[in-house]
Each structure stands twice: as C-alpha cells, then as structure tokens.
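The values are calculated or read from the model by the stated rules, or taken from the named source; none is laboratory data. Keep in mind it's a predicted model, so treat the numbers as computed, not measured. Please note: Cβ atoms are built from the backbone with ideal geometry, for glycine as well, and neighbour counts cover all protein chains shown.
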Amino acid sequence: MDVDNYTPPLQAAPPAANEPMLIVHEPRVVIGDRGAAWLTEAWDAFKAAPVSWLLLCIAGAALWFVINLIPLLNIANGLLQPVWGAGLLLAVHAQRNGGKVKVAHLFAGFGPKLGRLVLSGVVAGGIMLVIVGITVGSLAVQLLQAPDPQALLLGQDMNSLLLRGLVAMALTIPVYAAVWFAPALIVFGNMGVQQSLLLSMQACLKNVWPFLIYSLCLTVLGILTVFTFGLALLVIIPMFYISVYLSFRDIFID
C-alpha cells in the first residue's frame, strides 16, 4: 500500500461508553489496485460467515419491502440510508474483531449517533434536490403543466437532454463522495456531520484511481444480478458494505 507520511489523528469528541472508536487520521492515498482488493477481501469476509450475512441481508430486504408499502414512511426511509448503512458497517466491525454478524445489527445505527447520521442524509438529500432543480427543474415544471407531457418530452432536443443528464451526473459525484465515508466517520470516528462529509469527499477525491477500479469491478458484479434474476444481490450487498468498511480502514485508519 502506498501511504502518505504520518499525520496526527484527527480530533473528535470522546465516545460514550461501550461505543466503537477508531483512531482516525487524515485520509491517505492508496494504490489503484486496492480498489479491486476491497472487493476480493470483502468476498473472503463474506465466506467466513455466509449464513449470518445471508440472514442479515434477507431480513433487511424484507424490512425494506414492508417499509416501502407504508405511505410517507417510505419517503422518510430515504433519509435513514446512513443509519441502515451504519448498522451494516458495525456488523463488519464486529466480525473483524471476532464477534458475530447478527440480524440485530440492522438496527445498530439507531443509537446515540442517530441524529448525526440522519442529518448527514438530510444534507445530502437537500443538495441532491438543488442539483435536480438546477438541471431538470424547468423541464419538470413544463411537463407538469403540459396537456400532453409525453409529446412535450419527445419534442425535446436530445442533445439538450443529454447535456442536462451529464451536468447532473457531474454535480452529483461530489455528493456521493461526501456521503461515502460519512457514516463510518460518524460511527467510528465520532465526528460531526460537516467534518465527516468534508473528510469523506476529500478521501474520495484523493483516491480517484482506486475508486475508478472499484466502480468497474462493482459494475461487473452488478451485471451478475441480471443472470441470477437478482439472487446475486444477497451476496453483492453484504460485499458492498464490507468493502466500504475495508476502504475506510485502508484510507483513514493507521
């Protein structure tokens, strides 16, 4: 691993009793092939406890299905993504430290840091709404007011629509970078929302090559879901969260 020079640990408030706490440093640069290694090592971790991970994933999928059947609750659930993610990261942390992966880890994010996790989701969601408003807001208003929205959409210049899409994609990349490590920094580094979002973005931008390779590998895994009628997700989803935890340790933990 290619590592920057040592930097002192970042300052954070002391954790409450019995909370996991890792010494977090300024994000370092790692070599590109670590992007693939995060997934291969995630596969090894999954194989070490496949039944536990499958039970956790099936329970999570069932819970997700039920929540999305309930009006308004399904909307609020979008703001809870960092909370659910934090629970799965805590499951990985438990496994790494000799513990067991449990279905109860689904709710592990609903703890003392719940407010910060939710707020990070609110901030990211708000920025996303602004981006959508800037890029396609005027078109959306026209479609809502048009007597024949389909005809209006078909009459749009394709180059203009493509440009809107590319601009939206470019603007959302920093947002995804900001939320990538934010739950881990909040849970394990006990950091505030602003600091976790900024550090996460900094870490991703400093490691463009590893994340590019990681994204390509993840895309290949995603294609498997087509040929397995979605069953591969029961393995890919745990691998994804395990790889997020591994990348967090690689970049932030000394």
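Within 14 Å of the chain's Cα centre (by Cα), over 23 Å from VAL30 (Cα atoms) and at pLDDT 90 or above: does that describe ILE186?
For ILE186, the condition - within 14 Å of the chain's Cα centre (by Cα), over 23 Å from VAL30 (Cα atoms) and at pLDDT 90 or above - is not met.
Matching residues to (1) farther than 18 Å from TYR245 by Cβ; (2) in a loop (DSSP other than H, G, I, E, B); (3) modelled with pLDDT under 95:
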site	(1), (2), (3)
GLN150	yes, no, yes
LEU153	yes, no, yes
GLN156	yes, yes, yes
ASN159	yes, no, yes
TYR176	no, no, yes
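Filtering the stretch 208-254 down to residues that are of a type in the set (Val, Ile, Thr), touching a residue at least 12 places away in the same chain (Cβ under 8 Å) and under 20 Å from GLY85 (Cβ atoms), which residue is surrounded by the most Cβ atoms within 10 Å (Cβ to Cβ)?
ILE251
Inside the stretch 16-46, can you point out the residues that are assigned to a helix (DSSP H, G or I) and over 15 Å from LYS100 (Cβ atoms)?
Scanning the stretch 16-46 gives ARG34, GLY35, ALA36, ALA37, TRP38, LEU39, THR40, GLU41, ALA42, TRP43, ASP44.
Give the stretch 72-109 a look and list any residue that's more than 17 Å from the chain's Cα centre (by Cα) and under 21 Å from ILE242 (Cα atoms), or say none.
Correct list: ALA94, GLN95, ARG96, ASN97, GLY98, GLY99, LYS100, VAL101, LYS102, VAL103, ALA104.
Could you please give the count of residues in the stretch 222-253 that are over 26 Å from LYS100 (Cα atoms) and either charged (D, E, K, R) or under 17 Å from the mean Cα position of the chain (by Cα) (or both)?
Residues meeting the conditions: 1.
Please indicate, with yes or no, whether at least one residue in the stretch 179-199 is at positive phi, outside any helix (DSSP H, G or I) and aromatic (Phe, Trp, Tyr).
No: zero hits.
State yes or no: is ALA94 in a helix (DSSP H, G or I), free of Cβ contacts under 8 Å to residues at least 24 places away in the same chain, among the hydrophobic types (A, V, I, L, M, F, W, C) and under 17 Å from PHE248 (Cα atoms)?
Here the answer is yes, as ALA94 does meet what is asked.
What are the pairs with Cβ atoms under 9 angstrom where one residue, in the stretch 55-77, is at pLDDT 90 or above and the other, located anywhere, is outside any helix (DSSP H, G or I)? Sequence gap at least six, or different chains.
Partner pairs satisfying both residue conditions: LEU55/VAL101; LEU55/LYS102; LEU56/VAL101; LEU56/LYS102.
Would you confirm whether or not the stretch 117-125 contains a residue that is under 30 Å from TRP43 (Cα atoms), out of contact with any Pro (no Cβ under 7 Å at 6 or more places or on another chain), modelled with pLDDT of 85 or more and loosely packed, with under 14 Cβ neighbours inside 10 Å?
The answer is no, given that none of the residues of the stretch 117-125 is under 30 Å from TRP43 (Cα atoms), out of contact with any Pro (no Cβ under 7 Å at 6 or more places or on another chain), modelled with pLDDT of 85 or more and loosely packed, with under 14 Cβ neighbours inside 10 Å.
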